[in-house]
Number of protein chains: 2
Amino acid sequence: MRLSETFWILISSSTAGSMRVTLKDLAKKLGLSVTTVSRALAGYDDVAENTRRRVRQTAQEMGYYPNITAQQLRRQRTDTLAFVIPTHGPRLSDPFFSELLAGIGNEAGRHRFDLLVSTQPPDSEAEREAYRRIVHGRRADGALVVRTRQKDERIRFLSEQGFPFVAFGRSDLGIEFPYVDEDSYTGMRLLAQHMVDLGHRHFGFISAPAGLLFCRLRLDGYRSVLQANGFPANGGLVVSGDLAQRSGFRAAQELLGRTPRPTAIIACNDLMALGAMSAAQKMGLTVGRDLSVGGFDDIPLAEHAHPPLTTMRQPIYEIGQRITRMLVQLIQVPRGLSGEEEAPAERQVLLTPQLIVRESSGPPPGSA
Amino acid sequence: MRLSETFWILISSSTAGSMRVTLKDLAKKLGLSVTTVSRALAGYDDVAENTRRRVRQTAQEMGYYPNITAQQLRRQRTDTLAFVIPTHGPRLSDPFFSELLAGIGNEAGRHRFDLLVSTQPPDSEAEREAYRRIVHGRRADGALVVRTRQKDERIRFLSEQGFPFVAFGRSDLGIEFPYVDEDSYTGMRLLAQHMVDLGHRHFGFISAPAGLLFCRLRLDGYRSVLQANGFPANGGLVVSGDLAQRSGFRAAQELLGRTPRPTAIIACNDLMALGAMSAAQKMGLTVGRDLSVGGFDDIPLAEHAHPPLTTMRQPIYEIGQRITRMLVQLIQVPRGLSGEEEAPAERQVLLTPQLIVRESSGPPPGSA
DNA sequence: ATTATACTCCAAAACGTTTTGGAAGTCAAG
DNA sequence: CTTGACTTCCAAAACGTTTTGGAGTATAAT
């Protein structure tokens, strides 16, 4: 088949540079076995110093680079972590995830793990399929779960399958699993108490999708403070948003339309708090004087908002690093089976967020 | 070795659920060959309707899921895209990337591609290694390059290797390659002209790392407008930032300390513009009246800033989708070799950003 | 001269798929 | 009874590694 041969040559020359050098090529060139070449490159000591040099030299010259897929198949591990980002609408404009992703990405890199990212709407069939692919398809060695939900099916699934994972956030499934979480309840208590101490009596709260555990905890914390201070148990208006800025804007518009008008608005996260400030300002109110606003997260923008936002600081970047480090340890533990005892890995971490008072909060208008 | 057997049983039962079902297991159970099982599941028509049903049924029951790594190795493709995010400091807090990542992630998912993300400092050895791993290690089928640089070595490398990629941004290497870019030069001209038209005469400009092509183009556009309006060629002060909010803050502080004090500050991106607003406000200036500020990108925050930021809108999310779609087409083209002509893929796209006038810009203080 | 001890090397199996190139069997037409 | 066409199945090779369990050769000790 002369013609087909020509064809092949054309093709292969047009994709120049894509012809890969394999161990077999190296072995042939060197007059060695594939085994020896492999072991030489891996640095085993059952190959002569001289041979090793020769192999390395030639590998360099021929531009050998191991095929990672083949390594993965043979070694039965991928050295990859999976991170499925729950994204509500088409967008994920939440800086929270940037920050987290940076922490995860950098730490994964430090441990020579690749990171597989996918974006899926929470609780969707697509999300379930993504996790199935990861676990059953052996696409990664471990998974990171974020924005945990009340009865989190992702956590249940991963637990049942015995697949290594670490969560950012807890859940209430009655399952013991490794996580890092900030203490949303206590944190929100601190923030709410701060507002009460300033003299506020009329509150508005901007909550978020019911299923998100941290939102419920924050709302609970908020309510507990109101109650402890003798305000009606359900005192304070609660409006729900979707964590995005725009929804905070709308929620605040609604809250500020009520009578008596709240003098302090607390939002479930910074982004909505910023939206709320924006709404107040559009109505001609001066935030920090006419209305106090508080957020939660301390995203980088909070500090540079106008006025700077009072909020609860969570070290998001560091949490990203930390859950990643925990996951890597979890994955690597089996390898240490025969070795000496490792430092016992931390499994459950609860951080207390720190109150950051800035100019968006102050005493209510009428106070001395 | 009785003991070792017991040991193995203990281990394997403790990792319950992690024992995978393979094609071979299915074949044995069904009394068929691996070939037939594989082809039945893949839907080939050379397996009897009845057998196919039986196979699918059993696969379901036994919870079979193909091993993706094995598929990748055999098929010689990974169905994976690689995205190396250039991140300066340890953080990546730029919402620009969230937005972009969302677009990329969603579009990749739509085409059933996985997304491999890594974060690396630009122009570093680590970054080079990341690309080598992708290309030579065959870790992905294509790559996305963003934040292009003047002589972009990533682009040179990928081109030389004949590896499929699409860039967000151009470069000046004299190489033809597929990209989507917004017209930074023209965009910035529009913005600067807007300020001139408002009556401003004293400008400050917040620039960014020299190597970033879009920054140079924006600066060029800015200068060209000053010049065209008869202001001194280098009229207007230029201070450099690193694209982060904080650096915009500092740069603005410096600019506002000069005499005559600029009445308009334009920043290379929104984040620094927001930082600049923050600095001005801290000095007691009212943005939009005492000082006009303009940004570039129209990140979601721009609209909700206080005051809302005048900026050039780039559809970042859509650009993410678009470069991803282009890359997928590029990768899949070889598969269509024998088929009919496909719609010719677009290779180079230049978008003109749109001026969004908001309240952060207005006439200079002394004007009628 | 024989045995032990390193020291180097390698053939073959395995990881779990997909694909190639038939091999059997059935059935209808000649 | 042959032939050819069709249907249904399969053995084996391949993808590119790593690892197992020796084999072959020197060198040193007996």
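Each other copy places its own label point for A:Pro260 at 5.2 nm from this one, sorted shortest first, where the point lies 7 Å along the Cα-to-beta carbon line. Please work out whether the range A:139-179 counts as rounded, prolate or oblate from its C-alpha gyration tensor, where a ≥ b ≥ c are the square roots of the eigenvalues and a/c under 1.5 means rounded, while otherwise a/b larger than b/c means prolate and anything else oblate? Judged from the Cα gyration tensor, the range A:139-179 comes out prolate (a/c at least 1.5, a/b above b/c). For the range A:222-336, the ratio of Cα radius of gyration to the globular rule of thumb 2.2 N^0.38 Å stands at 1.36. Placing a label point 7 Å from the Cα of B:Asp45 along the Cα-to-Cβ direction, the distances to the matching points in the other copies come to 6.3 nm, shortest first. Over the residues of chain B, the helix contribution to mean residue ellipticity at 222 nm works out to -14000 deg cm²/dmol, using -39500 (n - 2.57) for each DSSP H run of at least 4. Semi-axes of the equivalent ellipsoid for the range B:176-239, computed as √(5λ) from the eigenvalues of its C-alpha gyration tensor and ordered from largest down, come to 23, 13, 9 Å. What the Cα atoms of the range A:126-281 give is an Rg and a Dmax of 18.3, 57 Å. In this structure the amide hydrogen of A:Phe165, modeled in the peptide plane, comes within under 5 Å of the amide hydrogens of A:Ala143, none closer than 5 places in sequence on its chain. In this calculation the C-beta distance from B:Lys28 to A:Arg132 is compared with R0 = 22 Å, giving a FRET efficiency of 0.40. The local environment of A:His306, defined by Cβ-Cβ distances under 10 Å, has a net charge of 0 under the rule Lys, Arg +1 and Asp, Glu -1.
When the Gaussian network model of chain B links Cα atoms closer than 10 Å, the mean-square fluctuations of B:Ala108, B:Ala40, B:Ala302 top out at B:Ala40. Remark: mean inter-chain Cβ contacts per residue of B:305-313 equal 3, using a 10 Å Cβ-Cβ cutoff to other protein chain atoms. Taken along its principal axes, the alpha carbon cloud of chain B reaches lengths of 91, 55, 36 Å, longest axis first.
What the Kirkwood sum gives for the range B:274-326 is a hydrodynamic radius of 12.3 Å, with every pair of different alpha carbons counted. So if I take the centroid of the Cα atoms in the range A:153-220 and the same for the range A:276-317, what is the distance between those two points in Å? What the calculation gives is 21 Å, centre to centre. Given axes a ≥ b ≥ c from the Cα gyration tensor, I'd like to know whether the range B:27-84 is rounded (a/c under 1.5), prolate (a/b larger than b/c) or oblate. Judged from the Cα gyration tensor, the range B:27-84 comes out prolate (a/c at least 1.5, a/b above b/c). Computed from the Cβ-Cβ distance with R0 of 60 Å, the FRET efficiency linking A:Tyr44 to B:Asn50 stands at 0.70.
Shielding value for B:117-126 is 3, the average number of Cβ atoms from other chains within 10 Å of each residue's Cβ. Around the Cα centre of the protein assembly as shown, unit charges on the Cβ atoms of Lys, Arg, Asp and Glu (plus for the first two, minus for the last two) sum to a dipole of about 1300 debye. Pair-distance distribution P(r) for the protein assembly as shown, from all Cα-Cα distances in 20 Å bins starting at 0: 15, 43, 32, 10, 1 percent.
Taking a ≥ b ≥ c as the square roots of the eigenvalues of the Cα gyration tensor, the range A:113-156 is prolate, since a/c reaches 1.5 or more and a/b is larger than b/c. The local environment of B:Gln57, defined by Cβ-Cβ distances under 14 Å, has a net charge of +3 under the rule Lys, Arg +1 and Asp, Glu -1. Once the chain from B:Met62 to B:Asp220 is taken as fully extended at 0.36 nm per residue, the excess over their C-alpha distance is 50.5 nm.
For chain A, modelled as a GNM whose springs connect Cα atoms under 10 angstrom apart, the maximal fluctuation among A:Ile175, A:Ile85, A:Ile134 occurs at A:Ile175. Remark: label point of B:Gln76 defined 7 Å out from Cα along the Cα-Cβ vector; separations to the same position in other copies 2.9 nm, ascending. GNM remark for chain A: springs join alpha carbons under 10 Å apart, and the peak mean-square fluctuation among A:Lys282, A:Lys151, A:Lys24 falls on A:Lys24.
Any read-out appearing in this document is the output of simple, stated calculations on the displayed coordinates, not a laboratory observation. Note that the structure is predicted; figures quoted are calculated from it, not measured. Here the Cβ is made from the backbone with ideal geometry for all residues, glycine too, and neighbour counts use every protein chain on show.
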